[in-house]
Amino acid sequence: MKEWTREERYRELRQPEEILDLYRRNQASPYRQRYHVQPMTGLSSDPNGFALHKGVWHLCYQWCPWGAVHGLKYWYHVTSPDLVHWENAGIGLKPDCFYDNRGVHSGSAISKGDDLVFFYTGNHRDDDWVRTPYTCAAVLGADGRPVKIPKPLFGPRDDYSEHQRDPKVVWNEETGKYYIFIGAQTLDLCGCVLVYESSELLSGWRFAGQLKVPGYERFGGMWECPYIVNISGQDVLIFSPQYTKLPGRGESTNHNVYLIGQMDYRTLTFTPQGPYRHLDYGFDFYAAQGAANVGDPDKAILIAWIGLPDNHYPTAEEDWEGSMSLPRELRVKNGRLVQTPVAAVRELRQAEIGPGADLPESCEIELSVPEGDFDLALFTRPDGTGGMTLHYDAESRVCHIDRTGLEKRFNEQVGEALDMPLEHPLGALSIFIDRSSCEIFANDGEATFTTHVYPTGEERGCRVSAGAGIRIWPLAASVTDKFVL
Ligand code: FRU
């Protein structure tokens, strides 16, 4: 893989011409997604600034224009009327001032009246590469581009490490205040959440304290992208703990988990009711962010990066990588999250095809699974061998998913097989395949499994246990992927 110097990774983008050839090259890739948001060029990672504002969904992603490398980060902005058809809107925020001289890092947005307000981390580094993270804001301008507020809202605290970032803003009706959650690390290297409060969005922010999460004082070394949302009267804390291995998750040290419980904004205590669970059991799902202004107390809408920090993917050879997941609706049922793709995905369905045909490069598969053990293989070779396999063991209620049978293997170091445990017997699978991703929803969203996949032109077969019902719909393209800066 290409070795990048710091100068190359942290180069500022000045002219469109600097990435036009790269854009054309990236566009020619057989792995460009057709209905998932992806980097216009180079690398995309975390979703940022996700909100509904005046009937339009706004989403940004962490973007490094130059290639499959985490370097100088921009926010790239996309918009959608329905969470499924996305248009490129240009650079949202660029690292062009003292406070973000080494990157505009992750953050969120909230719509209030006529304003869409963005909160982000200005990643400042001095000449000795010492980092100071600032919490900054911007407001969507009349031309549809965010305009930065010149001064940060607040700087870092010196009683925590340099890891203080990813402001997620929420409004709490009960206290009548806005809160910002910051992902942080204590001086003795434990992950935590810092809470700031204000009654105004652009002023008056004060440190309220460290979020208390009983039982989770030593759970990973950094909590990235924290977020608390109330769904049907229950609070859900979602975060991405790092620097720790968790049972059943192979060698990976990056995770995305949730807790269901009660959040007390007055004592800043989140009391979990039940164990932590993985938001998704797949190989590639991280830094999930919920949309603001959904306007329905019984659901949240969430999107995540299909990818993990420290990993790289086969399209790195083509100088790009990354994708957003499908946006999902989150509901709470019997003390756990139930996740389903947003309704508008349905509209992408084309005429159904027969089960014996080659898998279309973008498609939806619906499977009804009979009682007992079950096997599925996707992306098998013409002779029926290989592919990504799913084996369901009825006794333990675990789906074991193994991608070692694919021609293009990647990230072997974190493991290529993982389990998706289920609470109920497996009855249904709903699978969304795009050119370089596969998202599996089990039992109407009881558990999900997201992974990148890079099938070759030959790997188009699909094999299922006898007795299962299978339906396949090709899906229409819904991302325009135009060159817009
Ligand atoms: C998560 C993360 C965030 C940070 C951003 C930088 O993947 O590390 O904590 O703000 O990526 O790109």
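Data for the structure
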quantity: Relative contact order of segment 21-117, pairs being alpha-carbon contacts under 8 Å that are 6 or more residues apart, as %; calculated: 24 percent
quantity: Using θ = phi - 60° and Karplus 6.51 cos²θ - 1.76 cosθ + 1.60, couplings along segment 391-398 (whole Hz; Gly, Pro as x); calculated: 10, 9, 9, 5, 5, 8, 6, 10
quantity: Expected 222 nm ellipticity per residue - DSSP helices of 4 or more, -39500 (n - 2.57), all of the chain, to 500; calculated: -1000 deg cm²/dmol
quantity: Kirkwood-type radius of segment 213-308, with distances r between different C-alpha atoms, in Å; calculated: 14.0 Å
quantity: Segment 344-480, accessible surface, carbon-and-sulfur percent (1.4 angstrom probe); calculated: 47 percent
quantity: Extreme residue, positive dipole direction of the chain, given options Ile19, Gln234, Phe118 (C-beta unit charges); calculated: Phe118
quantity: Segment 344-480: Rg to Rh, with Rh as the Kirkwood radius over Cα pairs; calculated: 0.94
quantity: Average accessible area per residue (Å²) across segment 163-220 - probe 1.4 Å, nucleic acids and ligands excluded; calculated: 42 Å²
quantity: P(r) tail fraction, segment 236-367 - alpha-carbon pairs more than 21 Å apart, %; calculated: 55 percent
quantity: Unsatisfied cross-links (Cα-Cα over 24 Å) in the set Lys148/Lys299; Lys168/Lys482; Lys94/Lys482; Lys168/Lys212; Lys2/Lys408; calculated: Lys148/Lys299; Lys168/Lys482
quantity: Sorted peptide list for 38-51, 144-157, criterion being average Cβ within 10 angstrom, highest first; calculated: 38-51, 144-157
quantity: Ratio Rg/Rh, restricted to the chain and using Cα atoms, in which Rh is the Kirkwood radius; calculated: 0.95
quantity: Relative contact order of segment 358-485, pairs being alpha-carbon contacts under 8 Å that are 6 or more residues apart, as %; calculated: 35 percent
quantity: Most to least packed among 404-416, 13-25 [average Cβ atoms within 10 Å]; calculated: 404-416, 13-25
quantity: Separation of the Arg397 and Asp310 label points, Cα + 7 Å toward Cβ, nm; calculated: 3.1 nm
quantity: Heavy-atom accessible surface of segment 205-341: percent carbon and sulfur, 1.4 Å; calculated: 47 percent
quantity: Modelled label reach - Phe98, point 7 Å along Cα→Cβ, segment 129-166 residues with backbone N closer than 20 Å; calculated: 129-138, 148-158
quantity: Potential extension, Ala468-Ala357 segment - 0.36 nm per residue separation minus Cα distance; calculated: 38.3 nm
quantity: Projected label distance in nm at Arg266 and Ala428, using a 7 Å step from Cα toward the beta-carbon; calculated: 4.2 nm
quantity: Label point 7 Å beyond Cα of Glu173 along Cβ direction - residues of segment 215-251 with amide nitrogen under 13 Å; calculated: 230-234
quantity: Efficiency of FRET between Asp114 and Gln350 - r from beta-carbon atoms, R0 35 angstrom, step 0.05; calculated: 0.35
quantity: Karplus-derived 3J(HN,Hα), 6.51/-1.76/1.60, for each residue of segment 459-474, Hz, glycine and proline x; calculated: 8, 10, x, 8, 10, 10, 4, 4, x, 7, x, 9, 10, 10, 10, x
quantity: Residue-normalised accessible area of segment 344-480, expressed per residue, 1.4 Å probe, Å²; calculated: 40 Å²
quantity: Accessible surface of Asp96 - all protein chains present, 1.4 Å probe, nearest 10 Å²; calculated: 90 Å²
quantity: Length-normalised contact order for the chain - Cα pairs under 8 Å, 6+ apart - percent; calculated: 14 percent
quantity: Counted charge near Thr340, where neighbours are those whose Cβ lies closer than 14 Å (Asp, Glu -1; Lys, Arg +1); calculated: -3
quantity: Average accessible area per residue (Å²) across segment 1-64 - probe 1.4 Å, nucleic acids and ligands excluded; calculated: 45 Å²
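The values are calculated or read from the model by the stated rules, or taken from the named source; none is laboratory data. Owing to the predicted nature of the structure, the values given are computational and were not obtained by experimental measurement. Because the Cβ atoms are built from the backbone with ideal geometry, glycine has one as well, and the counts that use them run over all protein chains shown. Surface accessibility is based on the protein's heavy atoms, side chains included, excluding ligands, DNA and RNA. Shrake-Rupley method; radii C 1.70, N 1.55, O 1.52, S 1.80 Å.
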